[in-house]
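**Student:** Below: one structure in structure tokens.
The values are calculated or read from the model by the stated rules, or taken from the named source; none is laboratory data. What you see is a predicted model; the values in this text were computed from it and never measured. Cβ: placed from backbone, ideal geometry, glycine included. Neighbour counts: every protein chain shown.
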């Protein structure tokens, strides 16, 4: 990975080669800021690039928006999109849609283009499938000016994420969130050790398993449930094997046990936030809260 | 409905007509206790009838066990079982099985008969589908003597329930359980009024909706979620529309809201018990416990 | 006790004798409403009497206010006040003040009379000592009109309470509150039975024991902690012998136990309200909330 | 402070001067282990010194026990004890006893000496005043052999603490505990920032304020409530200014507020343990638990 110092020393061709791809098929954005080197921070560099977009002639802006592929569109299915776009769409599961879901995306894409004249742009790494669809529907009700602004905001999110994978240095923008948990066995007055946990994403009425893990000696997980990336906006369910925990400790709790698999269902609204969702349990009770 | 006083005055034919059907195709049980009138309590009457079964010759006992229909068996599908049995099996959903489930019951029935020589008898009103199947599997591991005892115990449960629908009087045995809930909005320090609640039974990996209701001015439901009957042993999920509750009160809680539909998953192990499963909630936390 | 029907049939002298004392040394209030018989409800009768006070000439109103004794004043110490006043002041502990507290009341009484020209009137049955003092200080900042209204409101509270002890009938005003508790042992999944509980009032930095009781088979107390009277506004502490409970059940919880006596400290602000203050506990955790 | 490496290189006189005072008036203990250098860990050094005590002739052991001052005894009042003992006793407040408390200690000291023939020895840094007294009473019931063992165990605690203040190096024994808290405002779904907290020790029916602090941006305190020392065994109360917190945020909660100062009362039983005692609160509810 490049350092910001490296970048600040580069001539125009090298500079454009290095960070041109950050803006989809728009190397001119990188070119436009070359003269403003040196940049003190990565955030400063990104702000300068977004300024270049915002102050470009309307025509260039629209051409730039047009260069973005449809979400889950035919171009994506046929592979005719940039590698960055491909990876991003795959990360949200958009490459594994049923025919019905594909049709729904197709119709929404058509409606959106018809209304605004450019493709629907969203930073898919910040959303679950469900959230992309609800954003689609919500943004179709915008007026043209508001939606143009929203599209630029999404481009800012997309390009910020692409930039930080290419250049490291001072003043990195905050792009990662964190989802963590902690299980306290308040029957025993100790962290619950070795309890199985599974995290699911809820999309389209289905539960998609994302993480399977187990609590460590402190009742936490060795790795955050989600970390080092934006938390996709959407609905989740954490399931804890509370029944197994007490069964293995010979604590009587009924047959079948009053609590077996305990689900905690919650939503994430801030992709760059920290969500701590702990479980306090006995064989007969449990509670959760948004912690810190 | 008859009173115990009426029954105590009846001659043999009337007595047998009145409570003979309580024991499946075994009017001799009623006949055997006629001479022991008057009965002071319904429980006393039922104990006497079970005594008659327990002290009958082995041959009569086995004939009696044989008179019971297979669970979800062909006889049931073809309608060749008593009305009581039909109603009881339908109550547990055994009349609406998929072909696969029907086959599973068929295989278990065969295995059980092969091992013990009489049909699998269980008081279905005290069980969910899942619990019937797990009992089936557990009881197939019993030895003959233990299983004979278990079958009689189930007959005691079945007949107790049949008896109390036919005769009223002093000393009614406790046959009903109660499942209730209560929602406290600890953000507002008040009961949560008008919150939608849905109760599901979990069987075979499916959620079956049992009750749809809404909280009243005290945060409770006007009727118990389940009452005036045994609580079927099994797994349940209560879902509370917490997100709608706070949305309608303009309490900000994220977009999407941190908590939307809150599921509480628990099991019932005591059909004649009282299960109180309350919810304490804020837009950012919730807890539950087995209350009283 | 009289019934409203009895009262509605009384001639003037009997009527005045019966309910004249409800308004302190002001039998004219009863006399003024005699002609408005019959009254359909106790609330209606009380409203009529308050109307008579509100529409009396200013002079009579002031004379009436002047007829009230100072709170914890010399008249009270010397016994020269009505029996009703004596009982009411004693109920709030105003007859057992230290010399320092007595001096403080004396100074406040003087200041109040100097500012408003009549004695400080408050329905002492609705307040603890602390609350009376804080009301005293707050009301000393009122302007004359607001304070005159406040004094009448307090007279309404006082007389409502005096009326309902003399006459029973339809439409009784709500004058009683209720304070209750409930202890759930969520370690065992059952109500905590036989747990010692003590309720204290906090006034002047001291804890005054009000109630000593024990939980019954349902984890509740046989009687409400406070009931059949207004709940005095003020601060309280409930103490639960959680350590003894688990010690007697051989549940290990540390030496000394992590939780021994658990205090719940809360305030009452609505004398006619229902305060339910439950405790959910394990040897290692507890929670409380304003329930219903 | 010395390092273990320095110590390992010392000749006998320097070695004895450096760590001789660790064992009260018994430099022979240090002398006895000089030949066993080099020590790989501080724990190993301490174990060797305790071995020297345990294997010394009975006579030397008793002389060593006799060299310890009475707790809160006349020697302490007159200053005729070692500086280490003085500091340790003062840390537990034993230098600020009332005459009554002083008499009680005096009587217990006499009784203990009469029974066991040596002074009562306890590692006061691991106890509150209350806990010292309850240990005194409990140990007076021991038989001589058990009590001799207990006295040596306490000497081990005392000397371990003295040793780690003089020598640093590998394998430090764990001598410090930690008491921490965390306040989550589950009404707002955020840590409670700027909430005043006060920690009290309960001894002899009195509350002694130990720490006054305030929550930081994460709802925690910048420093642990107690840290870098053993946690004294005993009873504590944490008080949280919950009422002020919500008042300053204009959240209505009654007048007076339902919750104002919230006390959490708990005990510490493991001086080298970590006690995390968090508060989850709304204006109408709170909970706590032993966390981690």
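**Student:** Being under 23 Å from residue A:109 (Cα atoms), in contact with a helix residue (DSSP H, G or I) (Cβ under 9 Å, 6 or more places away or on another chain) and surrounded by fewer than 18 Cβ atoms within 10 Å (Cβ to Cβ) narrows it down to one residue among A:54, A:37, A:25, A:58; which is it?
**Tutor:** A:25
**Student:** Let me spell it out: the conditions are (1) within 30 Å of residue A:3 (Cβ to Cβ); (2) in contact with a helix residue (DSSP H, G or I) (Cβ under 8 Å, 6 or more places away or on another chain); (3) in contact (Cβ under 8 Å) with a residue 24 or more places away in the chain, and residue A:86 meets all of them except one. Which number is the exception?
**Tutor:** (3)
**Student:** I would also like to ask the following. For segment D:82-124, which residues satisfy the criterion of being under 14 Å from the mean Cα position of the chain (by Cα) and either within 23 Å of residue D:209 (Cβ to Cβ) or surrounded by fewer than 14 Cβ atoms within 10 Å (Cβ to Cβ) (or both)?
**Tutor:** D:87, D:88, D:89, D:90, D:91, D:92, D:93, D:94, D:124
**Student:** So, one more: Residues to consider are B:208, B:236; find the one that is in contact with a helix residue (DSSP H, G or I) (Cβ under 9 Å, 6 or more places away or on another chain), assigned to a strand (DSSP E or B) and either surrounded by fewer than 15 Cβ atoms within 10 Å (Cβ to Cβ) or more than 14 Å from chain D (Cβ to nearest Cβ) (or both).
**Tutor:** B:208
**Student:** Right, another one. Please verify whether segment B:148-155 includes one or more residues that are closer than 30 Å to residue B:115 by Cα and part of a strand (DSSP E or B).
**Tutor:** no
**Student:** I would also like to ask the following. Would you pick out the residues in segment D:211-228 that are touching a residue at least 40 places away in the same chain (Cβ under 8 Å) and surrounded by fewer than 16 Cβ atoms within 10 Å (Cβ to Cβ)? I'd like the intermediate steps shown before the answer.
**Tutor:** Within segment D:211-228, the subset touching a residue at least 40 places away in the same chain (Cβ under 8 Å) is D:220-221, D:224-228.
Hits for segment D:211-228 are D:227, D:228.
**Student:** Report, by residue number, each residue of segment D:239-252 that is in a loop (DSSP other than H, G, I, E, B) and either under 14 Å from residue B:189 (Cβ atoms) or in contact (Cβ under 8 Å) with a residue 60 or more places away in the chain (or both).
**Tutor:** Hits for segment D:239-252 are D:249, D:251, D:252.
**Student:** If we keep just the residues of segment B:186-205 that are touching a residue at least 40 places away in the same chain (Cβ under 8 Å) and within 14 Å of chain D (Cβ to nearest Cβ), which is surrounded by the fewest Cβ atoms within 10 Å (Cβ to Cβ)?
**Tutor:** For segment B:186-205, the residue satisfying everything is B:188.
**Student:** Could you grab me the full set of residues in segment A:7-18 that are in contact (Cβ under 8 Å) with a residue 60 or more places away in the chain and within 16 Å of residue A:170 (Cα to Cα)?
**Tutor:** Within segment A:7-18, A:7 is the sole residue that qualifies.
**Student:** Of the residues in segment B:22-43, how many are assigned to a helix (DSSP H, G or I) and either within 18 Å of residue B:55 (Cβ to Cβ) or at pLDDT below 95 (or both)? Even if it seems obvious, please write down each step before you answer.
**Tutor:** In the first step, residues of segment B:22-43 are kept if they are assigned to a helix (DSSP H, G or I); the result is B:22, B:27-36, B:42-43.
Checking the rest, the ones that are also either within 18 Å of residue B:55 (Cβ to Cβ) or at pLDDT below 95 (or both) come to B:22, B:27-36.
Here the count works out to 11.
**Student:** Being within 20 Å of residue D:232 (Cβ to Cβ) and free of Cβ contacts under 8 Å to residues at least 24 places away in the same chain is true for just one of D:103, D:156, D:134. Which residue is that?
**Tutor:** Numbers: D:103 fails: within 20 Å of residue D:232 (Cβ to Cβ); D:156 fails: free of Cβ contacts under 8 Å to residues at least 24 places away in the same chain.
Answer to the check: D:134.
**Student:** Right, here's the next one. Residues of segment D:221-233 being in contact with a helix residue (DSSP H, G or I) (Cβ under 7 Å, 6 or more places away or on another chain) and assigned to a loop (DSSP other than H, G, I, E, B), which ones?
**Tutor:** Selection gives D:230, D:232.
**Student:** For the structure I just gave you, tell me whether residue C:168 is in contact with a strand residue (DSSP E or B) (Cβ under 7 Å, 6 or more places away or on another chain) and surrounded by fewer than 20 Cβ atoms within 10 Å (Cβ to Cβ).
**Tutor:** When the stated conditions are applied, residue C:168 passes them.
**Student:** Condition test on residue C:254, is it surrounded by 18 or more Cβ atoms within 10 Å (Cβ to Cβ) and over 27 Å from residue C:205 (Cβ atoms)? Write out each step before concluding.
**Tutor:** Numbers: surrounded by 18 or more Cβ atoms within 10 Å (Cβ to Cβ): yes; over 27 Å from residue C:205 (Cβ atoms): yes.
When the stated conditions are applied, residue C:254 passes them.
**Student:** Determine whether segment C:175-194 contains at least one residue that is at pLDDT below 95, out of contact with any strand residue (DSSP E or B) (no Cβ under 8 Å at 6 or more places or on another chain), farther than 30 Å from residue C:20 by Cβ and assigned to a loop (DSSP other than H, G, I, E, B).
**Tutor:** No, that holds for no residue.
**Student:** If a residue must be free of Cβ contacts under 8 Å to residues at least 12 places away in the same chain and surrounded by 19 or more Cβ atoms within 10 Å (Cβ to Cβ), how many such residues does segment B:40-51 contain?
**Tutor:** Qualifying residue count for the region: 0.
**Student:** Can I ask one more? Looking only at segment D:97-128, which residues are more than 23 Å from residue D:155 (Cβ to Cβ), part of a loop (DSSP other than H, G, I, E, B) and in contact with a helix residue (DSSP H, G or I) (Cβ under 8 Å, 6 or more places away or on another chain)?
**Tutor:** D:97
**Student:** Right, another one. Against the condition under 19 Å from the mean Cα position of the chain (by Cα) and either more than 30 Å from residue B:131 (Cβ to Cβ) or surrounded by 15 or more Cβ atoms within 10 Å (Cβ to Cβ) (or both), how does residue A:265 come out, does it pass? Walk me through how you get there before you give the answer.
**Tutor:** Working: under 19 Å from the mean Cα position of the chain (by Cα): yes; either more than 30 Å from residue B:131 (Cβ to Cβ) or surrounded by 15 or more Cβ atoms within 10 Å (Cβ to Cβ) (or both): yes.
It is true that residue A:265 is under 19 Å from the mean Cα position of the chain (by Cα) and either more than 30 Å from residue B:131 (Cβ to Cβ) or surrounded by 15 or more Cβ atoms within 10 Å (Cβ to Cβ) (or both).
**Student:** Show the residue pairs meeting these rules: Cβ distance below 8 Å; 6+ apart or different chains; first residue within segment A:271-284 and away from chain C (no Cβ under 14 Å) and within 17 Å of residue A:220 (Cα to Cα); second residue part of a loop (DSSP other than H, G, I, E, B) and at pLDDT below 95.
**Tutor:** The qualifying pairs are A:274/A:292; A:276/A:292.
**Student:** Within the group D:255, D:218, which residue is more than 15 Å from the chain's Cα centre (by Cα), assigned to a loop (DSSP other than H, G, I, E, B) and over 16 Å from residue D:281 (Cα atoms)?
**Tutor:** Working: D:218 fails: over 16 Å from residue D:281 (Cα atoms).
After ruling out the rest, the residue left standing is D:255.
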